[in-house]
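Note sheet for the following structure.
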Amino acid sequence: MERKSPAFTIFIHACAIVLAAIILAPIAWLFIMSISPAADLAAKPLRWWPQSADFSRYQQLLSTAENSAGAAFTSSLRNSLEIAGMATLAALALAIPAGWAVSRTPSVGWSLSMVIATYMLPPVALAVPLYMGLSHLGLLNNVFGLALVYLTILAPFTTWLMKSGFDSIPREIEAAAMIDGAGLFQTLRIITLPLAAPVMATSALFAVLLAWDEFFYALLFTSDQRAKTLTVAIADLAGGRVSDYGLIATAGVLAALPPVLIGLVMQRALISGLTSGGVKG
Amino acid sequence: MSSTWMTTRAWLLMLPLLVVMVAVIGWPLVDTVGLSFTDAKLVGTAGNFVGLDNYTNMLSSPNFSRTLVTTTLFAVISVAAEMVIGVLAALLLNQDFRGRAVLRALMILPWALPTVVNATLWRLIYNPEYGALNAALTQLHLVDAYRSWLGEPGTALAALIVADCWKNFPLVALIALAALQAVPRDITAASLVDGAGPFNRFRFVILPYLAGPLMVALVLRTIEAFKVFDIIWVMTRGGPANTTRTLSILVYQEAFSFQRAGSGASLALIVTLLVTVLAVVYAALVRKTAGSAA
């Protein structure tokens, strides 16, 4: 192996510290803003470290008292959870059979390629007809309507992940079960689906993250607490007349918490999901 | 089992997905094409057929060409920076040092942060009166007075690009790192014995392993950057003086703020066409890189 000079070792460690600072500083600052007293945030020169930690904004945003900032925030939190949950379940229900079919019958694969190619479409190319369609169905400003629209993003992606997942399960295992007398659906239930459980979990997590992150359709198709999602609520706060920047930061911390926890805990699965596309092409 | 039955069965299993995709993507896309030849408003009447008027008006408007330049600048600079910083970070993370596992775990944070939260965070950092950037630069005596980073035409786009890079370079780094770890150790060792310097080693030994995955990351990031909406809407809404207005923002304004559905649809299709051309050119490049790496 290469022998490392002390200068090189110091250089590597210095670079590592710089990289860590670049990654952490903005995130740390978001959290510090959320617990700094408002006066500290408006002080000049700026006080980088709060005199006392103030967690009252978390309490304020998570309270459900009527007509408070908390009521708007908690309702958007609930909407985001409902929409992400429904859209993810629906996307998996479509993706699992389709992914298996393409994996085992490559001759129909071109239809999946077409579905995946829709990734190139900018959402603005679908937005006007979707707006008119939802309005016609009475589904504007409605969690079901938005969950349905989210399938445009979630379904192609989860199908593609499920297809690569089924590809890595040898079809000989299925054939063996069939020879032993199991029917197709029995084979899928007893053999294939349990083996595919980790891929299903990864797909579901990606789907939840995508739905949680979505902003454009939510901005267009929701208008009040009945359907507004977290991303829209935060953009409202950031663009509105809120004078306490700490409150905006607190909303950001709360909205970031679920995906960041998922990211940290599921690191390995997520990265292999992300890079499998990169490596396989 | 006959192959006809296999194929029929496959189509039956795909049917629910295909039906939903036609309903939420196929039909709206066709409808957008139809709308683009009319002067329809967002609400109310269906509008009259106006032929290619929307397209010719749009393509000849100075707004469009200016927006196209802004979008291209944003996409090219932020994606190039993400690629370079991402590969450098991956090369660093591929070294042995204490805390490497922790640092690699931290890389997932910006990626996991929702785009809107990222935009909000940087908007607060750039705040003209109380922002951390102004405070840090003044306390370090690098600037004399607080500036409005997102409010001045000269700095707004650059400020947006920094915020976008910060969120997206870690993903490139993680993809590059996975590829680096696939480089066999004996090959790098052999190149050392042969006397290759660090630059040649990177160029001829390591880069061939990186090329394929990086090309894919480049394609995906460029398409996303070209379609960019969220981060810009939350941070500047296309301002100041439209200096950060990208194509998706322009479509939004046309179709939803001014309610000109027909004209907005034609612009949306022009954007779609541009992205498709980009993707096709890139796909050819990916195939070429994959071929030369094999």
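The values are calculated or read from the model by the stated rules, or taken from the named source; none is laboratory data. Everything numeric here is computed off the predicted structure, so don't read it as measured data. Ideal geometry is used to build each Cβ from the backbone, glycine not excepted, and the neighbour counts take in all protein chains shown.
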Return the residues of the range A:102-131 that are within 7 Å of chain B (Cβ to nearest Cβ), β-branched (Val, Ile, Thr) and under 23 Å from the mean Cα position of the chain (by Cα); say none if nothing qualifies.
A:115, A:118, A:124
The condition from (1) closer than 30 Å to residue B:261 by Cβ; (2) more than 8 Å from chain B (Cβ to nearest Cβ); (3) among the hydrophobic types (A, V, I, L, M, F, W, C); (4) part of a helix (DSSP H, G or I) that residue A:219 misses is numbered (2)
Of the conditions (1) touching a residue at least 60 places away in the same chain (Cβ under 8 Å); (2) within 12 Å of chain B (Cβ to nearest Cβ); (3) under 30 Å from residue A:76 (Cβ atoms), residue A:141 fails just one. Which one is it?
(2)
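For every residue, the table says whether it meets (1) in contact (Cβ under 8 Å) with a residue 60 or more places away in the chain; (2) within 16 Å of the chain's Cα centre (by Cα); (3) within 10 Å of chain A (Cβ to nearest Cβ).
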position: B:222; (1), (2), (3): yes, yes, no
position: B:240; (1), (2), (3): yes, no, no
position: B:245; (1), (2), (3): yes, yes, no
position: B:258; (1), (2), (3): no, no, no
position: B:266; (1), (2), (3): yes, no, no
For the condition in contact (Cβ under 8 Å) with a residue 24 or more places away in the chain, part of a helix (DSSP H, G or I) and buried (at least 24 other Cβ atoms within 10 Å of the Cβ), what is the one hit in A:87, A:101?
A:87
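Quick grid of which residues meet (1) small (Gly, Ala, Ser); (2) over 30 Å from residue B:97 (Cα atoms); (3) within 12 Å of chain B (Cβ to nearest Cβ); (4) assigned to a helix (DSSP H, G or I):
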{"site": "A:13", "(1), (2), (3), (4)": "no, no, yes, yes"}
{"site": "A:18", "(1), (2), (3), (4)": "no, no, yes, yes"}
{"site": "A:21", "(1), (2), (3), (4)": "yes, no, yes, yes"}
{"site": "A:25", "(1), (2), (3), (4)": "yes, no, yes, yes"}
{"site": "A:28", "(1), (2), (3), (4)": "yes, no, yes, yes"}
{"site": "A:34", "(1), (2), (3), (4)": "yes, yes, yes, yes"}
{"site": "A:50", "(1), (2), (3), (4)": "no, yes, no, no"}
{"site": "A:53", "(1), (2), (3), (4)": "yes, yes, no, no"}
{"site": "A:64", "(1), (2), (3), (4)": "no, yes, no, no"}
Residue list for the range B:91-131, filter: over 12 Å from residue B:174 (Cβ atoms), in a helix (DSSP H, G or I), more than 7 Å from chain A (Cβ to nearest Cβ) and in contact (Cβ under 8 Å) with a residue 12 or more places away in the chain
B:91, B:118, B:119, B:122
Could you say whether any residue in the range B:151-170 is at the interface with chain A (Cβ under 8 Å from one of its Cβ atoms) and modelled with pLDDT of 85 or more?
yes
Only residues that are assigned to a helix (DSSP H, G or I), basic (Lys, Arg) and closer than 30 Å to residue B:74 by Cβ: list them for the range B:172-227, please.
B:203, B:221
Only one of A:196, A:204, A:155 is more than 13 Å from chain B (Cβ to nearest Cβ), aliphatic (A, V, I, L, M) and crowded, with 21+ Cβ neighbours inside 10 Å; which?
A:196
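Is it the case that some residue within the range A:75-97 is within 30 Å of residue A:168 (Cβ to Cβ) and over 22 Å from the mean Cα position of the chain (by Cα)?
Yes: one or more hits.
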